[in-house]
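> Have a look at this one before I ask anything.
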Amino acid sequence: MVTIEKITEENSGERGIKTFRLRFNDKKIQNDFDFIPGQCVMVSHFGYGECFFAISSSPTKKDFLEVSVMKLGKVTSALHECEPGDVLGVRGPYGNHFDVSGWQGKNLIFIGGGIGQAPLRSLINYVVDNRDNYKDLDIVYGARSTGDLCFKSEFSDLEKRKDVNVHLSIDKEEEGWNKFVGFVPDNLLSVKPSPKNAIAVTCGPPIMIKFVIQNLLKLGFSENQIFTTLEMRMKCGIGKCGRCNIGNLYVCKDGPVFSYDQLKNLKGEM
Amino acid sequence: MEDLILPKNKLSDYINKIKSDYTIFAPIKKDELTYYSQIENPSDISLDFINSKYPPKSILFNQTETLFKFKHGLKAEISFKEFKNSKNVIFGIRPCDAKSFFIVDKLFKDDYVDPYYSSKRENTVLIGLSCNLPGKNCFCTSMDGGPANAEDVDILFTDIGDKFYIEIKNIKGENLIKIGENLFNKPKDQDKNKLKQIKKKAEETISRKMNTTGIVDELDNIFDNRFWKDISMKCIGCGICTYGCPTCHCFDILDETSLREGARVRVWDTCMNPEYTIHASGHNPRPARMNRTRNRVYHKFNYYPKNYNVIACVGCGRCINECPVNIDIIDVITKAREVKT
Amino acid sequence: MVDRKKLQDEVTRVVERDDVNYVVGWEKGTYGFQMTPLFMFSSDDVNKLSFNPLCVHNLTVFPMLEEKLPLRKGAKEDTNKIGVIVKGCDSRAIVQIIQEKGIERERLVIIGIPCSGVIDPKKINKNFSDKTKVLEVTDDDKNFIIKTDSKTHKIPKDELMMDKCKTCEYPNPIIFDVLIGDEIKNSKKTDNKEIETFEKKNLEDKWKFWEDQFEKCIRCYACRNVCPLCYCKECMVDQLNPQWVRRSVNVSENTAWNIMRAFHLAGRCIDCGECERVCPADIPLRKLNKKIEKDILELFDYKPGVNVEDKPLLSMFKPDDPEEFIL
């Protein structure tokens, strides 16, 4: 059982996104709860249901747990009506994770779009907290408009750092925006990261992932250097209800992190 | 423990003896259909059936199962169910349905063990009943089973006329038999011969066969083939096959509330429902019946074997018997093998 | 009786049309007395087509099940037609759907076959052993003629016929593009005796009867899926916001589901009997629907699915309606 400590509204509007900072009611559980970026939890809003969210805070922050929620359906709309102090349920962590230990010493490039930035945020903050273990860090992030951009304050902090390269973009021209205008895959091409000793991770809407991977391959990345997270409708979160499978892999148990060469050979519907 | 004989007229006595310690589920006849149900009176048992309408999976994996109750709002709290370790006996289960428990165990006990299922499964003794007369669409012999297959039961009864021939398979079965000790006799040679005859005849009666050698690879090759669109055009997406299948295990989890209180329940779900995989954004990875029918066949004959090394089909034939438009899994697999890439 | 060759020739003519995607008919099933829906895309497929008293399915559900998937950029919407073979009762479903504008008349090519009654699969399976090898099933005026590999049986129609056929008033398709076979002179009339006897029971007995029946329901929704008139894009039971019927399976929810479905079909159900045929729990669903049909006839003098020009009953207000309007 967790209590909502703080709610940050990332952006408003119909598909508004809010980040919820949750703290376990039981201090021992809070201390024992550990995870690796990429893993997810099932958050219960009793009376409405449960949803599978990627943890968007880094495991280096031990006092709390954050999830970023887009208002879309029954449970998420009810969550958006919550206030600090409300009690929710959390179970997890579930799923596999980004190979943060295997990626030490490599150049990292993270490409996110819209709410897809949530699992990447966990990864970014983890890497920043362990900055010396990794080489170059490039973040490419874009949204439909400045109103849809998430984690704005964190990005402005990241932009100030010398050891992180941030490349933001919005889809359509807007007054006051002097950075890249266009879709994220195009922004990626203009950044032109080198595939040498590099790992690319991308999260976002399926259509964006498709084109980003295309462009990464064009830039010379090989299939096992590209990782992404997938999502599906989920109910149990532990690979038993049979709902979230792509082929013989369950997104809740064998994912949500997949490498591109895994996905290429998987026969199934996404 | 050695084989035993139980005269048919002593069956009620035996059931009465074990009734005091065990909850007994047995086949009963209601409106000409046989169902597995909890019985109080051994005279309710009806063994005059080929196979029950619905499989006995509903005894261990309830159609509606309350996971926990909660009070919501600011003072939210949850109360879990206590797992009553009541001992159960499923009497008269057919070998195919018993095999289905073995298959589904692999999923429910894998990784996170499902306590709702396992607490019942561990405390259940299976008394199987061989099929003397298999049904017209039975094909258990093609699925690594048989009408008198005793691998997955604790005790196997075979009807050899006016008595039952009893084979005891393990210690669980032995303990259950010991309760009715003085009711049993030793089998004579003619009993043993009759048993052999009946088993042989039953196997020979099974006329439908499915070839499953290398089916996993065969299916891998034809995933994108047009064949799946053709075969699923007549599917109406009703879900009868999933509810009647002993190995289908898909479920849904929902909160059902009234004012301040509620419960989280797990209910059977069917992958044939179009809303099964729909995302909140509206995107549906399996939008057409073709995707769903193909997913169901692959789940049983390709994905499950890849994950757990066993085909998730026991050959009971219920899906063939019940399908309103005669989609026949034996026909589907046979035609799938003939598809030229 | 229908001449198979004539049927195949006419259907081939329809299948080979450029503006027809496929025609739905029947072919021999995979076991016993089964017939199964057949989708014919070419004249080769038509060779498997046959029609006999075992063809009990209502094929009009298939044009309604066609999924409208999102189109690729630049792709044009498919405006081709679907051919469907119908019996008398089946055609009433099409008439009703056209009344409601559920499908356009131009999208269908209807091949009608006058039908004097089909065999109930449950009844025939009782009369014959599982091992029966069926060669041919036909009928004459009074009997069904079943030819097996051992002998030919002549069984009076009353013994094997579906209950719905015993009171059928529309043996000839009401709407069609092509008619195969001769029109049948109708001699049967609706019989409400069973409903009237049931109506006279007292409330407790009636409730107990239905409670026992709904206890058996497993909420497989086969009744809904096989019904040609249940074509809502999102059925009320699948809605979560608000949740009208809980997904839990118990007598209370099952009763809600079955009765709500019967009411949603009020003035629309044409008594093809498919729901009762497919129900794995053998619930007498036709009783519910026939009672509502009887009430609709008495209150509004309206029969669903007989006249394409009619307006659908419960979606229309007439100034002389018996009830006052909400205003």
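No lab work stands behind these numbers, since they all come straight from the coordinates. Since the structure is predicted, the reported quantities are computational estimates derived from the model, not experimental observations. Glycine also receives a Cβ, built like all others from the backbone with ideal geometry; neighbour counts cover every protein chain displayed.
> Beta carbons within 10 angstrom, averaged per residue: use that to sort the peptides B:22-34, B:141-153, C:144-156, highest first. Before the final figure, lay out the partial values.
Working: B:22-34: 17.9, B:141-153: 20.7, C:144-156: 14.3.
The most tightly packed comes first, giving B:141-153, B:22-34, C:144-156.
> Which percent, to the nearest 5, of DSSP beta bridges fully inside the stretch A:107-229 are antiparallel? Spell out each step's value before the answer.
Details: 0 of 23 bridges.
Taking every DSSP beta bridge with both residues in the stretch A:107-229, the antiparallel ones total about 0 percent.
> Of C:270, C:248, C:198, which is farthest towards the positive pole of the stretch C:193-315's charge dipole, taken about the Cα centre with +1 and -1 on the beta-carbons of Lys, Arg and Asp, Glu respectively?
Working it through, the farthest residue towards the positive pole turns out to be C:248.
> Can you check what the Kirkwood hydrodynamic radius comes to for the stretch C:158-215, Cα pairs only, in Å to one decimal?
Working: mean 1/r = 0.0675 Å⁻¹.
Mean inverse Cα-Cα distance, inverted, gives 14.8 Å.
> Mind jotting down the distance between the C-alpha centroids of the stretch C:143-186 and the stretch C:1-47, whole Å?
Using only Cα atoms, the two centres lie 19 Å from each other.
> Mind checking the stretch B:153-203 for trypsin sites (Lys or Arg not before Pro) that DSSP puts in a loop (not H, G, I, E or B) and that have at most 16 other Cβ atoms within 10 Å?
On the way: sites: B:163, B:169, B:172, B:178, B:188, B:192, B:194, B:196, B:199, B:200, B:201; in loops: B:169, B:188.
Listed in order of number, the matching sites are B:188.
> Which value, to two decimals, describes the C-alpha radius of gyration of the stretch A:2-94 once divided by 2.2 N^0.38 Å?
That ratio works out to 1.00.
> Between rounded, prolate and oblate, where does the stretch B:194-341 land on the alpha carbon gyration tensor, with a ≥ b ≥ c its root eigenvalues, rounded for a/c under 1.5, else prolate if a/b exceeds b/c? Don't skip to the end; give the middle numbers.
On the way: a/c = 2.19, a/b = 1.38, b/c = 1.59.
Cα axes put the stretch B:194-341 in the oblate bin.
> Skipping prolines and chain starts, which residues have an amide H placed within reach, meaning under 5 Å, of the one on residue B:34, given they are 5 or more residues away or on another chain?
So residue B:34 has HN proximity to B:53.
> Please compute the average number of Cβ atoms from other chains found within 10 Å of each residue's Cβ in peptide A:231-237. Before the final figure, lay out each step's value.
Values: counts 4, 4, 9, 2, 8, 7, 2.
Other-chain Cβ atoms within 10 Å of each residue's Cβ, averaged: 5.
> As a footprinting exposure proxy, order C:132, A:76 by other Cβ within 10 Å, with the fewest listed first. Before the final figure, lay out the partial values.
Numbers: C:132 18, A:76 22.
With the fewest neighbours first, C:132, A:76 line up as C:132, A:76.
> Here's another thing I want to ask about it. I'm a student and want to see the number: the projected area of the Cα convex hull of chain C, averaged over all directions, in nm². Show your work: numbers first, answer last.
Details: hull surface 83.0 nm².
One quarter of the hull surface, i.e. the mean projection, equals 20.7 nm².
> Among all helices in chain B defined by DSSP H, which have a length of 18 Å or more along the axis from Cα atoms plus a Kyte-Doolittle mean of at least -0.5?
Numbers: long enough: B:95-108 (20 Å, 0.57); B:189-205 (24 Å, -2.26).
Membrane-span-like by this criterion, though nothing is claimed about a membrane: B:95-108.
> Calculated from DSSP H runs of 4 or more alone, at -39500 (n - 2.57) each and per residue, what is the 222 nm mean residue ellipticity of the protein assembly as shown, nearest 500?
Numbers: 33 runs with 277 residues, N = 938.
Only helices count here, giving -8000 deg cm²/dmol.
> Given the peptides B:86-99, B:122-135, C:181-194, A:85-98, arrange them by the average over their residues of other C-beta atoms within 10 Å, most packed first. Could you put the intermediate results ahead of the total?
On the way: B:86-99: 24.0, B:122-135: 21.9, C:181-194: 12.2, A:85-98: 19.0.
Descending mean neighbour count gives B:86-99, B:122-135, A:85-98, C:181-194.
> If you build the Cα gyration tensor of the stretch C:252-319 and take the root of 5 times each eigenvalue, what three semi-axes come out, in whole angstrom, biggest first? Spell out each step's value before the answer.
Details: eigenvalues 117, 37, 19 Å².
Values for the stretch C:252-319, descending: 24, 14, 10 Å.
> Mind checking the mean number of beta-carbon atoms from other chains within 10 Å of the Cβ atoms in B:285-292?
Numbers: counts 10, 2, 5, 6, 3, 1, 3, 1.
Other-chain Cβ atoms within 10 Å of each residue's Cβ, averaged: 4.
> Using alpha carbon centroids, what distance separates the stretch B:1-80 and the stretch C:240-304, in Å?
The stretch B:1-80 and the stretch C:240-304 have Cα centres spaced 31 Å from each other.
> Would you pull out the residues with amide H under 5 Å of residue B:23's amide H, same chain only if 5 or more places away, H placed 1.01 Å from N?
B:87, B:88, B:89
> Just to confirm the number: angle between the C-alpha axis of helix A:206-218 and the first principal axis of chain A, 0 to 90 degrees, nearest 10?
The answer is roughly 30 degrees.
> Roughly what % of DSSP beta bridges within the protein assembly as shown run antiparallel, to the nearest 5?
Details: 85 of 130 bridges.
Roughly 65 percent of the DSSP beta bridges within the protein assembly as shown come out antiparallel.
> While we're on this one: To one decimal place, what orientation-averaged projected area in nm² is obtained for the convex hull of the Cα set of the stretch B:121-258?
Details: hull surface 58.9 nm².
Directional mean of the projected Cα hull area for the stretch B:121-258 stands at 14.7 nm².
> OK, next. Tell me, rounded to the nearest percent, the portion of alpha carbon pairs in the protein assembly as shown spaced more than 54 Å apart. It would help to have the intermediate numbers written out before the result.
On the way: 100764 of 439453 pairs.
Here the long-distance tail beyond 54 Å is 23 percent of all Cα pairs in the protein assembly as shown.
> Net charge around residue A:158, counting only other residues with Cβ within less than 13 Å of its Cβ (Lys, Arg = +1; Asp, Glu = -1)? Mind dumping the intermediate values first?
Numbers: positive: A:121, A:131, A:152, A:160, A:161, A:162; negative: A:129, A:138, A:154, A:157, A:159, A:163.
Value of the local net charge: 0.
> Further question on the same structure: Take the Cα atoms of the stretch C:193-315, build their convex hull, and give its volume per residue in Å³. Don't skip to the answer; put the middle values down first.
Numbers: hull volume 15.5 nm³, N = 123.
Convex hull of Cα atoms, per residue: 126 Å³.
> Follow-up. Take the stretch C:4-179, drop everything but the C-alpha atoms, weight them equally and run the Debye formula without solvent; then report log10 I(q)/I(0) at 0.11, 0.19 Å⁻¹ to two decimals.
Each listed q maps to, in turn, -0.51, -1.29.
> Let me ask another. Taking θ = phi - 60°, what integer Hz values does the Karplus form 6.51 cos²θ - 1.76 cosθ + 1.60 yield along the stretch A:247-260, in sequence order, with x for Gly and Pro?
Working through the residues one at a time gives x, 9, 9, 9, 5, 7, 10, 8, x, x, 8, 10, 8, 5 Hz.
> Related question: Would you work out the charge dipole size for chain B about its Cα centre, treating the Cβ of every Lys and Arg as +1 and the Cβ of every Asp and Glu as -1, and quote it to the nearest 20 debye?
360
> Residues with amide H under 5 Å of residue A:22's amide H, sequence separation 5 or more or different chain, H placed in the peptide plane at 1.01 Å from N; which?
For residue A:22, whose amide H was placed from the backbone, the distant partners under 5 Å are A:5, A:65, A:66, A:67.
> With contacts defined as alpha carbon pairs under 8 Å and 6 or more residues apart, what's the relative contact order of the stretch C:4-179 in percent?
Details: 301 pairs, mean separation 39.8, N = 176.
Value for the stretch C:4-179: 23 percent.
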